[in-house]
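The values are calculated or read from the model by the stated rules, or taken from the named source; none is laboratory data. What you see is a predicted model; the values in this text were computed from it and never measured. All Cβ positions, glycine included, derive from the backbone under ideal geometry; neighbour counts span all protein chains shown.
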Amino acid sequence: MTEIKNAAALINTPTRRQVGTVIAMVLGCLAAGPRAAAEQTMQEIPATAANKTRTSLHEDIDIKASPQRIYEALLDAKQFAAFTGRPAEIGPKAGGAFSMFGGSIVGRNIELVPGQRIVQAWRPTRWDPGIYSIVKFELKSQGYVTTVVLDHKGFPEGDFDSLDSGWHAHYWEPLKKFLA
């Protein structure tokens, strides 16, 4: 019986390496500052009961810019990084790979119609490997305003609320400020 208690004590006592790892992680987060805060906001938000099983979302966003200007901002790595404040790499052709928000979102451009439509296989890297959703941006001119019609389909159950708030916080609000 004493041997079992001693073994349990050893299992529950962290090694110096484990303690060092935890300290390094804490110091790394403190040193990261605002970037760590930005990455935290990219994390999953728990789904409300009403949205727990939803696997698609639809949004109509009005932006005071031309369809071509919005198209370029979404597909040009420098402009994307400028409006989001995070690194981006975007291959602006059909089949081109992208990595946005410092690698938090990755995928490929499936269909590109300049000034009109962007269709992407899109995934946060926190999802299980191989899981992709489809994101479609339709750009519709309404005079001095463009309506961006977003259809995001095929994401895992439980992610609706996180994605919905993420589109607004990380795409639409910064993009509107950038293009103003």
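Tell me which residues, restricted to region 24-82, are among the acidic types (D, E), in a helix (DSSP H, G or I) and modelled with pLDDT of 95 or more.
E72
Can you pull out every residue in region 134-168 that is within 13 Å of I61 (Cβ to Cβ) and outside any strand (DSSP E or B)?
Those that are within 13 Å of I61 (Cβ to Cβ) and outside any strand (DSSP E or B): D164, W167, H168.
Can you confirm whether E173 is surrounded by fewer than 17 Cβ atoms within 10 Å (Cβ to Cβ) and assigned to a loop (DSSP other than H, G, I, E, B)?
no
Could you list, in sequence order, all residues of region 58-76 that are touching a strand residue (DSSP E or B) at 6+ places or on another chain (Cβ under 6 Å) and surrounded by fewer than 18 Cβ atoms within 10 Å (Cβ to Cβ)?
H58, E59, D60, D62, K64
I'm trying to understand the selection: among the residues of region 128-180, which are over 13 Å from the mean Cα position of the chain (by Cα), among the hydrophobic types (A, V, I, L, M, F, W, C) and closer than 20 Å to Q68 by Cβ?
F137, L139, V145, V148, V149, L150, L175, F178, L179, A180 - these are the residues of region 128-180 that are over 13 Å from the mean Cα position of the chain (by Cα), among the hydrophobic types (A, V, I, L, M, F, W, C) and closer than 20 Å to Q68 by Cβ.
For G103, state whether it is in the same structural domain as Y171 (by TED's automatic domain parsing), without any contact (Cβ under 8 Å) to a residue 60 or more places away in the chain and either surrounded by 15 or more Cβ atoms within 10 Å (Cβ to Cβ) or under 22 Å from E173 (Cβ atoms) (or both).
yes
For K136, state whether it is within 20 Å of R54 (Cβ to Cβ), surrounded by 15 or more Cβ atoms within 10 Å (Cβ to Cβ) and assigned by TED's automatic domain parsing to the domain that holds K64.
yes
Looking at region 99-125, which of its residues are more than 17 Å from D151 (Cα to Cα) and either in a strand (DSSP E or B) or out of contact with any Ser or Thr (no Cβ under 8 Å at 6 or more places or on another chain) (or both)?
Those that are more than 17 Å from D151 (Cα to Cα) and either in a strand (DSSP E or B) or out of contact with any Ser or Thr (no Cβ under 8 Å at 6 or more places or on another chain) (or both): S99, M100, G102, V106, P114.
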